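Participant: Below is the structure I would like to discuss, written out as structure tokens.
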Amino acid sequence: EDKVVQSPLSLVVHEGDTVTLNCSYEVTNFRSLLWYKQEKKAPTFLFMLTSSGIEKKSGRLSSILDKKELFSILNITATQTGDSAVYLCAVGNAGGTSYGKLTFGQGTILTVHP
Amino acid sequence: NAGVTQTPKFQVLKTGQSMTLQCAQDMNHNSMYWYRQDPGMGLRLIYYSASEGTTDKGEVPNGYNVSRLNKREFSLRLESAAPSQTSVYFCASSEWGQGALNEQFFGPGTRLTVL
């Protein structure tokens, strides 16, 4: 059974701080690792990392994938109050009947104080 | 484009009542999914439909049924609601096949309370 574990489960920081969110995984046939941001409602897509793309960056957010050690990190620099959200990590399976499915971690609740 | 839409947004049921959650997508995606989200447990897959005409169980299917009505619509039915089904339900859709890389697009969610 595929498994995704995120840490920490919650984090409180002040504006301007840098944060690192962790995601470790076990998956039978790895295809991709995705990061989502969830504010009040639906998760919104941030990054996808695959064997051919193990590092992504968008503005203050960046992510890397370590396929050997089976983990990913999401970095947010110069945090703002608008970064307050739940950050979800998910892995995609490429094998058999699991093809296309995502397994999600528990999420990390990030709170950024002014 | 509306993306993924869900109805209703909120629902309160009594134990034993039935209801159907509706989901539709206008992105011409082949695959659709139903998740539930409970505090501290992330998103758990209830059922999914890889393509029109097929449905499969996910991680937590007990107490639910689904119907893939056509390529656009995927409904989730609770036949006899239980308090343990109190949750926020999300529908999602994605491409499918060798060219797809699992990115899923989510609807706004339905908050269901079973008393």
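Participant: Charges only on Cβ, +1 for Lys and Arg, -1 for Asp and Glu: so what's the dipole of segment A:1-51 about the Cα centre, in debye to the nearest 20?
Facilitator: Values: 5 positive and 6 negative charges, 41 e Å.
Approximately 200 debye in magnitude.
Participant: Of the GluC sites (Glu not before Pro) in segment A:33-110, which ones lie in a loop per DSSP and count no more than 12 other C-beta atoms within 10 Å?
Facilitator: Details: sites: A:GLU39, A:GLU55, A:GLU69; in loops: A:GLU39, A:GLU69.
Qualifying residues, ordered by number: A:GLU39, A:GLU69.
Participant: Further question: Within a Cβ distance under 11 Å of B:ARG68, other residues only, what is the Lys/Arg minus Asp/Glu net charge? Kindly include the intermediate steps, with their values, before the conclusion.
Facilitator: Details: positive: B:LYS71, B:ARG72; negative: B:GLU52, B:ASP56, B:GLU73.
That works out to -1.
Participant: Between the DSSP loop rule and a limit of at most 15 other Cβ atoms within 10 Å, which trypsin sites (Lys or Arg not before Pro) in segment A:10-49 are left?
Facilitator: Numbers: sites: A:ARG31, A:LYS37, A:LYS40, A:LYS41; in loops: A:LYS40, A:LYS41.
For trypsin sites (Lys or Arg not before Pro) across segment A:10-49 that sit outside H, G, I, E and B with at most 15 neighbouring Cβ atoms in 10 Å, the list reads A:LYS40, A:LYS41.
Participant: Which of A:VAL12, A:VAL91, A:VAL27 moves most in a GNM of chain A, Cα contacts under 10 Å?
Facilitator: Sorting by GNM fluctuation, first place goes to A:VAL12.
Participant: Considering just Cα atoms, how many Å³ per residue does the convex hull of chain B enclose?
Facilitator: Working: hull volume 11.0 nm³, N = 115.
It comes to 95 Å³ per residue, whole-number rounded.
Participant: OK, next. State log₁₀ I(q)/I(0) for segment A:1-77 at q = 0.13, 0.16, 0.19 Å⁻¹ as given by the Debye formula over alpha-carbon point scatterers of equal weight, solvent excluded.
Facilitator: After summing over all Cα pairs, the log10 values are -0.41, -0.62, -0.87.
Participant: Taking DSSP loops as anything outside H, G, I, E and B, show the longest stretch in chain B free of trypsin sites (Lys or Arg not before Pro) there with at most 15 other beta carbons within 10 Å.
Facilitator: Details: sites that count: B:LYS9, B:LYS14.
Counting only loop sites that pass the neighbour cut-off, the longest clear stretch is B:15-115.
Participant: Starting from the amide H of A:SER84, placed 1.01 Å from N in the peptide plane, find each other amide H under 5 Å away whose residue is 5 or more places distant or on another chain.
Facilitator: A:VAL112
Participant: Using only alpha carbon pairs under 8 Å that are at least six residues apart, calculate the relative contact order of chain B and give it in whole percent.
Facilitator: Numbers: 299 pairs, mean separation 40.3, N = 115.
Reported as a whole number, the value is 35 percent.
Participant: What does the charge count near A:TYR25 come to, summing +1 for each Lys or Arg and -1 for each Asp or Glu among other residues with Cβ under 13 Å from its Cβ?
Facilitator: Details: positive: A:LYS3, A:ARG31, A:LYS67, A:LYS68; negative: A:GLU1, A:ASP2, A:GLU26, A:ASP66, A:GLU69.
My count for the surroundings of A:TYR25 gives -1.
Participant: Count the net charge of all other residues whose Cβ sits under 11 Å from the Cβ of A:ASP83, scoring Lys and Arg as +1 and Asp and Glu as -1. Please report the intermediate quantities before stating the final value.
Facilitator: Numbers: positive: A:LYS37, A:ARG60; negative: A:GLU15, A:ASP17, A:GLU39.
Neighbour charge sum, excluding A:ASP83 itself: -1.
Participant: Further question: Note the buried accessible area between A and B here, summed over both chains, with a 1.4 Å probe, in Å² to the nearest 100.
Facilitator: Values: alone 6370 and 6210 Å², together 10740 Å².
Summed over both sides, the interface buries about 1800 Å².
Participant: Let me have the relative contact order for segment A:25-114, percent, based on Cα pairs under 8 Å that are six or more residues apart. Write down the numbers at each step before the final one.
Facilitator: Values: 173 pairs, mean separation 27.0, N = 90.
Relative CO of segment A:25-114 lands at 30 percent.
The values are calculated or read from the model by the stated rules, or taken from the named source; none is laboratory data. What you see is a predicted model; the values in this text were computed from it and never measured. Counting neighbours? That spans all protein chains shown, and the Cβs are built from the backbone with ideal geometry, glycine included. Surface accessibility is based on the protein's heavy atoms, side chains included, excluding ligands, DNA and RNA. Shrake-Rupley method; radii C 1.70, N 1.55, O 1.52, S 1.80 Å.
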